[in-house]
Amino acid sequence: MKSFLSFILIIVSVNTDLYAAEAGMPQLDPTYWASQVFWLILVFSILYISIAKFYLPKIKNNLDNRENKIKEDLEDANKFKDQSEIKLKEYEKILENAKKEVSKIYLESKNNLDKEIRSKKDKIEKEIENEIVKAHREITALKKNSITSIQNISVNIAGNIIENLSGDKLNESSVKAVVEDVSKKNLDKYL
Amino acid sequence: MQQFTVHRIGPEIKIAGIDLSFTNASLFMILSATLILLLLFVGSKEKKIIPDKIQLITEMFYSFVAKMISDTAGSKAKPYFPFIFSLFMFVLFCNMVGMLPYSFTVTSHIIVTLIMALFIFVAVTIIGFIKHGFKYLSIFVPSGVPTVLMPLITIIEIISYLSRPVSLSVRLFANMMAGHTMLKVFGGFVVSLGILGGWLPLSFSVALTGLEILVAFLQAYVFAILTCIYLNDALNLHH
């Protein structure tokens, strides 16, 4: 097909006038060939120069800009993502530390409170014991005092009773000795 | 065939006895080039990160041609990118403008396509000789061929190399002319068959118009990619 067409073309270009007249193919009429070639070269040169010098660099620049921008944005996004991950880790660490501290503080304050409570309790218990001991001492002192005063009273009463009954005035020291003797014997019964 | 006739517009311009008058062909070349420049101007006017429609179209054209070149001719062909881009856009817009009713198809003229193909052929040959010197002639001697067949293969290779401009130009010209002629023929059928029988060729015409738009794009693509392949042969000696 290709070779056939080129064959026809060669024949036709040899006998242009003849063939053009017969088939009426305006393409093979050489009147305006020079004009077409001239204008083709002129127009195409202008087109080529303005495209090569002006438009293609512009379009290329545009495309490169976009590619760079996309690349930069992607890099930025990745960087920010990494940063946010680091921040998140930091935050988690802080949170963990805070939790640890909270439990530590809780334990500490609990221990302190316990200690304080215990020490206060001990102190109070000691005070109470002291008070009790003191009270006991007072009581025993009172008992002793009461015994001597009871003996005195009993010596007096016994002396008076004997005086009234017998009318003799007795020696106070002998009465006292008897009372002391009796009370020593019977003291356990009263106290 | 009236749609293919070239006629003068305005005064006759003669330089050294050669008629260089402004014709309807020149007009449509200028129209196509203006449309391309307009598209590129609007498309590259603003440096938007998110492109609008026209900017997107120009950038699609750019990356389409860039990918085509890097796929077929590799990174060495980068300096020729503006030329191939201009070539692709020019052929595409001439083809597409030619699809408009009452317009003129610049690329349906053999002289136009032949000049472009010859320019590419000569340029590629010169590039080949500049890059490789006389070693470039080894393109005609494929490796791994039996010695007996070598002279025959070499002759075939030389013929195929020399027929490149012819095949390149005739492919574009014939496709464009055949498509437009076919549309014209079916359009004529619509008129001659009238309101009763004209519907069938009319629907054919509609389908053919779609096909012709596809062909217009495809031929521009083929023209550009063949240029890339020839350039690849000149830049990277494969044989």
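The values are calculated or read from the model by the stated rules, or taken from the named source; none is laboratory data. The structure presented is a predicted model; accordingly, all values stated were derived computationally and were not measured. Glycine also receives a Cβ, built like all others from the backbone with ideal geometry; neighbour counts cover every protein chain displayed. These accessible areas exclude ligands, DNA and RNA; they are computed on the full protein's heavy atoms, side chains included. Shrake-Rupley method; radii C 1.70, N 1.55, O 1.52, S 1.80 Å.
Per-residue shielding of B:102-112, expressed as the average number of other chain Cβ atoms within 10 Å of the residue Cβ, stands at 4. Between 0 and 90 degrees, the angle of helix B:110-132 with respect to the longest Cα principal axis of chain B falls at about 20 degrees. Measuring max minus min along each principal axis, the C-alpha atoms of the protein assembly as shown give extents of 202, 67, 44 Å (largest first).
A probe of 1.4 angstrom, applied to the heavy atoms of all protein chains, finds residue A:148 with accessible area near 70 square angstrom.
Compare the peptides B:136-142, B:121-127, B:15-21 by average per-residue count of other Cβ atoms within 10 angstrom and give them in order, highest first. Numbers along the way, then the final one.
Working: B:136-142: 15.1, B:121-127: 16.9, B:15-21: 12.4.
Ranked from most to least packed, the peptides come out as B:121-127, B:136-142, B:15-21.
Note the angle between two axes, namely the Cα long axis of helix A:33-50 and the longest principal axis of the Cα atoms of chain A, as a number of degrees from 0 to 90, rounded to the nearest 10. That works out to roughly 20 degrees.
Heavy-atom surface analysis with a 1.4 Å probe gives the range A:2-190 a carbon and sulfur content of 59 percent of its accessible area. Between the residues B:72, B:133, B:167, the greatest Cα displacement towards the positive end of the dipole of the range B:53-178, with unit charges on the Cβ of Lys, Arg, Asp and Glu, is found for B:133.
Protein-only accessible surface at a 1.4 angstrom probe places the residues B:103, A:109 in the order A:109, B:103, largest first. Simple point charges give the picture: +1 on the Cβ of Lys and Arg, -1 on the Cβ of Asp and Glu, and for chain B a dipole about the Cα centre of about 360 debye. Check each residue of the range B:47-70 and keep those whose accessible area, probe 1.4 Å, is at least 20 Å² smaller with all protein chains in place than in the chain alone; give them in order of residue number. Buried-area filter returns B:47, B:49, B:59, B:62. Computed with a 1.4 Å probe over protein heavy atoms only, the accessible area of residue B:190 comes to about 40 Å². Over the range B:109-185, the ratio between the Cα radius of gyration and 2.2 N^0.38 Å evaluates to 1.46. For the pair the range A:140-191 / the range A:116-134, the C-alpha centres are spaced 42 Å from each other.
What dipole magnitude, in Debye to the nearest 20, does the protein assembly as shown give about its Cα centre under +1 on Lys/Arg Cβ and -1 on Asp/Glu Cβ? Intermediate results must be reported in sequence, preceding the final value.
Numbers: 45 positive and 39 negative charges, 117 e Å.
Approximately 560 debye in magnitude.
For residue B:150, the solvent-accessible surface with a 1.4 Å probe is about 50 Å², rounded to the nearest 10. State the Cα centre-to-centre distance between the range B:87-105 and the range B:142-201 in whole Å. Value for the Cα centre distance between the two parts: 18 Å.
When Lys and Arg each count +1 and Asp and Glu each count -1, what net charge do the other residues less than 13 Å away from residue A:76, Cβ to Cβ, add up to? The partial results should precede the final answer.
Values: positive: A:69, A:71, A:79, A:81; negative: A:72, A:73, A:75, A:82.
Here the count lands on 0.
Under conditions of 37 °C and 0.692 mPa s, chain B yields 160 µm² s⁻¹ as its translational diffusion coefficient, taking Rh as the Kirkwood radius over Cα pairs in the Stokes-Einstein equation. Buried surface between chains B and A: roughly 4300 Å² of accessible area, summed over both sides, computed with a 1.4 Å probe on protein heavy atoms only.
Of all accessible surface on the range B:70-117 at a 1.4 Å probe, what whole percent is carbon and sulfur? If you can, show how the numbers build up before the last one.
Details: 1090 of 1600 Å².
The C+S portion of the solvent-accessible surface of the range B:70-117 is 68 percent.
At 1.4 Å probe radius, can you tell me the per residue accessible area of the range B:2-235 in Å²? Display every interim value, and only then the final one.
Numbers: 11600 Å² over 234 residues.
On a per-residue basis, 50 Å².
Using the Cβ-Cβ distance between residue B:8 and residue B:178 with R0 = 35 Å, the FRET efficiency computed as 1/(1 + (r/R0)^6) comes to roughly 0.85. Between the helical axis of A:56-166 and the longest alpha-carbon principal axis of chain A there is an angle of about 0 degrees. By the equivalent-ellipsoid construction on the alpha carbon gyration tensor, the range A:2-190 comes out with semi-axes of 152, 15, 9 Å, ordered largest to smallest.
Which whole-number value in Å² is the accessible area per residue of the range A:2-190, probe 1.4 Å? Let's see the in-between values first.
On the way: 15210 Å² over 189 residues.
Here the per-residue accessible area is 80 Å².
Just to confirm a number: summing +1 for Lys and Arg and -1 for Asp and Glu over residues other than residue A:162 whose beta-carbon lies under 13 angstrom from that of residue A:162, what do you get?
-1
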